[in-house]
1. Could you grab me the full set of residues in region 143-157 that are open to solvent by less than 90 Å² (accessible area, probe 1.4 Å) and modelled with pLDDT of 85 or more?
2. Which members of region 113-127 meet the condition of being surrounded by 13 or more Cβ atoms within 10 Å (Cβ to Cβ) and out of contact with any Phe, Trp or Tyr (no Cβ under 7 Å at 6 or more places or on another chain)?
3. If a residue has to be among the aromatic types (Phe, Trp, Tyr) and modelled with pLDDT under 95 to count, how many in region 1-50 make the cut?
4. Any idea how many residues of region 82-109 are closer than 15 Å to ASN50 by Cβ and surrounded by 14 or more Cβ atoms within 10 Å (Cβ to Cβ)?
Amino acid sequence: MLTEMDEALSGFISGRMFVCLLVGILIFAGYGLIGLPYPLLLATLAMILNIIPFIGPILGIIPGLIMAFSISWPMVLWVTLVYTLIKIADNNLLSPLFLGKRTDLHPLTVFLLLLVSGEVAGIVGMLVSIPLYMIAKILIRYLIHRGADNGGMIKEE
């Protein structure tokens, strides 16, 4: 059971970090293509903030927008377009592909977990809700399996 929990949590963490890295690389490439100054710094900030569910991606665009505002209005539009396209790719392709396979969680389950945990415990709740859910799921499955092996009775030792 502990091995399964370790594998589930490792899969979640490594999957989340890999998705954040891919988002950072895409933002770096996009900002570089449109000519935004300091694309590596801005992409690194966006990549780090992308770790935070829901709020992180919103915070991640702010440094790029501040830089774009100092240049021109068309640059603001380009930054918004690049970031929006990358987040669409992240939400619809990267996260489901890499996190869905590693965590074995339905996207609706993830959405509801993040929504409820954000209301109950804020950002900290959003960060820990999926790993805690995965641990609880494995523990409950283990207890049910163990109970079935004992004919529905859990033996006391």
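The values are calculated or read from the model by the stated rules, or taken from the named source; none is laboratory data. Please read these numbers as outputs of a predicted model, since none were measured by experiment. Cβ atoms come from the backbone with ideal geometry, glycine included; neighbour counts cover every protein chain shown. The area values use the complete protein model at the heavy-atom level, side chains included, leaving out ligands, DNA and RNA. Shrake-Rupley method; radii C 1.70, N 1.55, O 1.52, S 1.80 Å.
1. LEU143 - this is the single residue of region 143-157 that is open to solvent by less than 90 Å² (accessible area, probe 1.4 Å) and modelled with pLDDT of 85 or more.
2. Result: LEU115, VAL116, SER117, ALA121, ILE123, GLY125, LEU127.
3. Here the count works out to 2.
4. Of the residues in region 82-109, 10 are closer than 15 Å to ASN50 by Cβ and surrounded by 14 or more Cβ atoms within 10 Å (Cβ to Cβ).
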